[in-house]
Structure formats: C-alpha cells, structure tokens
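The values are calculated or read from the model by the stated rules, or taken from the named source; none is laboratory data. Predicted model only: the values in this text are computed from it and were never measured. Virtual Cβ from ideal backbone geometry, glycine too; neighbours counted across all protein chains shown.
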Amino acid sequence: MSAIQQFILNPANQELLAVLKGARNGLVYGVKIRFPHALVMTLLFSHKPWPAKIKGIFTATRTHALNLCKFVTIYKTLLLLQKKLNGGKERDLDTFFAGGLGGWLVFGERTPINEQIVLYVMSRVLLSLLPRLYTNSSVHQPSTPISPLKHPLPSLTSPQANPRPIPPSQLPFAIVSALSWAGVMYMFRHRGERIQPGMGNSMRYLYHDSEAWTGLKTLLWHNK
C-alpha cells in the first residue's frame, strides 16, 4: 500500500479529509445544479449575443459551485473545531452555529444567485416543520419538529443519520400550498417589486405575456 493510500485510509485523518471531500462535492454539485438551469433559462429568456450568453452561463455556474464549495468547507471546519473544543463530543447546536456562520459568510451578500439559493433553503426549512406521516415509519416521532437526536449521536454514515424522508400530512400541506399561492399571486399583482426577480420573470411570462399577441405566430408559437 502506498504512502498516499495509507494516509487516506488512516482513521486519524478522516475528519480533515472529510472537509476536503466536502469541498469537492460542493463544487461538483454546484456545477450539476446550476449549469443546466443557467443554460435553459438563458436559452429561453436571454436576448443577448451568444458570447454574452455563454459568459453568463459560465459565470453563474462558477459562482454557484464556488459558493457551495466554500460553504461546505466552512461548515465542516466549524463543526470540527467545535467538536475539538468540546472534548471530542458533538453538541446539539453545533450544526446550527456552523450553518449560520457559513450562511452569513458565503450567502450573506445579496446577489441573484444567493437569493435563489436562500429562497430554496428557506422554503425547505419551513416545509420541514409541517406535521409528518410517521405511521408505519421506522423513525420515532419526535415531541416537536425540531427535537434533537438522543446522545450519543449516530455516525453521519449510519442508517440512523440518513433516514428515508417522511411526507407531510395532507391537510397541513394543502393549507400551506393554498396560502403560499394566495400570497404570491396577491403580491405579484399588487407589490410585484417585492417578488424575487427570477420568480417575477417566470410569473410575468405566464400571466402577463399571455395577455398580448399580434397574430397567430405570437399567440401559439412565439411569446413575442
């Protein structure tokens, strides 16, 4: 076994190498997520010259990938530091503080891409608080939606730390869905300047551009 292989497989180096692999995965995932999105949105909505389109796709992909890479690196590093400072034990709020500081440092600047990511994350956090269908689930129903796991905390690669998602209960989800759509449609009509730009563009395409056409071509084939 080579020296490099021995170093990689040495349990003593696992935590530091996990930070490195996390950075790598953040970079790759950011490219996989942003590139097709930027490509499709640019082809559908951008009227810029092709060089500008290509540059925009590359810039958006690079920004998203690097931001995820930086966040994962900061997050996992802060978790490691907190664990070391606490005698090798993970505390319930370590992830909260690491995520909060990482979010502030990496995604705190208001840019279109950061706004999209934060909007995505925030919506998932809010939906995670809905009641869940724990019936016939192997996961024990917690007393509250944010109850921490019991100590000792399971390994991050264990089945206990990677449970299958449990869908939300139907009625609470339907209520949230109705209120969300009611709210966004009201705000779009009366206070459109407050709608997130990407969503605003999509909504204008769906609801405003469909009000005007100059002939059969712009009625059924081209938007404008």
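Applying a threshold of 7 Å to beta carbon distances and a minimum spacing of six or more residues, or different chains, the list of pairs starting in the stretch 155-166 at a residue that is within 20 Å of Ser128 (Cα to Cα) and ending at one that is part of a loop (DSSP other than H, G, I, E, B) and not hydrophobic (A, V, I, L, M, F, W, C) reads Gln160/Pro154; Ala161/Pro154; Ala161/Ser155; Ile166/Tyr134; Ile166/Ser137. Just one of the listed residues (Ser143, Ser202, Ser147) is among the polar types (S, T, N, Q) and assigned to a helix (DSSP H, G or I), and it is Ser202. When Ser155 is tested against (1) part of a loop (DSSP other than H, G, I, E, B); (2) modelled with pLDDT under 90; (3) loosely packed, with under 12 Cβ neighbours inside 10 Å, exactly one condition is not met: (2). Evaluation of Pro51 against the conditions (1) touching a residue at least 24 places away in the same chain (Cβ under 8 Å); (2) over 26 Å from Val125 (Cα atoms) shows that the sole unmet condition is (1). Close Cβ contacts (under 7 Å, 6 or more residues apart or on different chains) running from residues in the stretch 9-28 that are within 12 Å of Lys76 (Cβ to Cβ) to residues that are of a type in the set (S, T, N, Q) and surrounded by 13 or more Cβ atoms within 10 Å (Cβ to Cβ) comprise Val19/Thr73; Val19/Thr77; Gly22/Thr73; Ala23/Thr73.
Which ones in the stretch 27-42 are under 18 Å from Arg204 (Cβ atoms) and among the hydrophobic types (A, V, I, L, M, F, W, C)? Those that are under 18 Å from Arg204 (Cβ atoms) and among the hydrophobic types (A, V, I, L, M, F, W, C): Val40, Met41. The set of residues from the stretch 10-19 being assigned to a helix (DSSP H, G or I) and surrounded by fewer than 13 Cβ atoms within 10 Å (Cβ to Cβ) comprises Pro11, Ala12, Gln14, Leu16.
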